Amino acid sequence: MPFGEQPAYLRVAGDLRQKIVDGLLPPHTRLPSQARIREEYGVSDTVALEARKVLMAEGLVEGRSGSGTYVREQPVPRRIARVGFHSSGGCTPFRQEQTDERVRGTWESSSEQEAAGPAVAARLRIAQGAKVMRTRYVFRAEGEPAMLSTSWEPLEVTGRTPVMLPEEGPLAGRGVVERMAAIDVVVDNVVEEVGARPALAEEAMTLGGVPGHAVLVVSRTYFAGGRPVETADVVTLADRHRVTYHLPVK
């Protein structure tokens, strides 16, 4: 299915989900009724019902007997710090996410400029609304979808440079460290946080899972002199993969 051509219920669910993420529908707020969704989005009762089911399966909303459906308050994640990361020369995006040399893989990507939302702005330490380059990846191992990744780079760092588009130009398809070095930005630290959550419907569809299945999310940020120059979320189905770190002893 080409990117952007989604069933109506997923488009409605995606819009409501974004409102929840952006705080327009804060925790404990009642989700618009089925009739309201039908009227606002011009869809059928069936589509409105399925969209609400998607949000419930993703753990974003919950039903309260005799009262309706409400936005859930999401728990505050606890940080697990991991150390020992080191870069390797000639790293491609696939190798950047899957370091097992025995696994052969390919990737597909799509980049576009957008305004940084609150979460991305906080991770990159830039002003909300500042321009970033967002790149979405689908990584395949032995031809099968294995991982998804969405990365954001501040255009105040890469804009109007040969590496502005990660998959175009003289360093197309290289890793973040090598691309940044080409514009005299030296990456000297990487921080990763690993967590789990229910899969979004679109993620499950691409990875071959079921909406609501747990996924592992590796949130990674590259730093140069203390400044974030790239941040990304790598997503994989939890029941199919394990994240393993090889930590050198110093």
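The values are calculated or read from the model by the stated rules, or taken from the named source; none is laboratory data. It should be emphasised that the depicted structure is a prediction, and the values quoted were computed from it without experimental measurement. Using ideal geometry, Cβ is built from the backbone for each residue, glycine included, and neighbour counts are taken over all protein chains shown. Side chains are part of the model used for accessible areas, which takes the heavy atoms of the whole protein and leaves out ligands, DNA and RNA. Shrake-Rupley method; radii C 1.70, N 1.55, O 1.52, S 1.80 Å.
Every condition in (1) more than 25 Å from Met205 (Cβ to Cβ); (2) in contact (Cβ under 8 Å) with a residue 24 or more places away in the chain; (3) open to solvent by less than 30 Å² (accessible area, probe 1.4 Å) holds for Leu165 except the one numbered (3). Whether any residue in segment 206-213 is of a type in the set (Val, Ile, Thr), surrounded by fewer than 21 Cβ atoms within 10 Å (Cβ to Cβ) and in contact with a Phe, Trp or Tyr (Cβ under 8 Å, 6 or more places away or on another chain) is what I want to check. Among the residues of segment 206-213, not one is of a type in the set (Val, Ile, Thr), surrounded by fewer than 21 Cβ atoms within 10 Å (Cβ to Cβ) and in contact with a Phe, Trp or Tyr (Cβ under 8 Å, 6 or more places away or on another chain), which makes the answer no.
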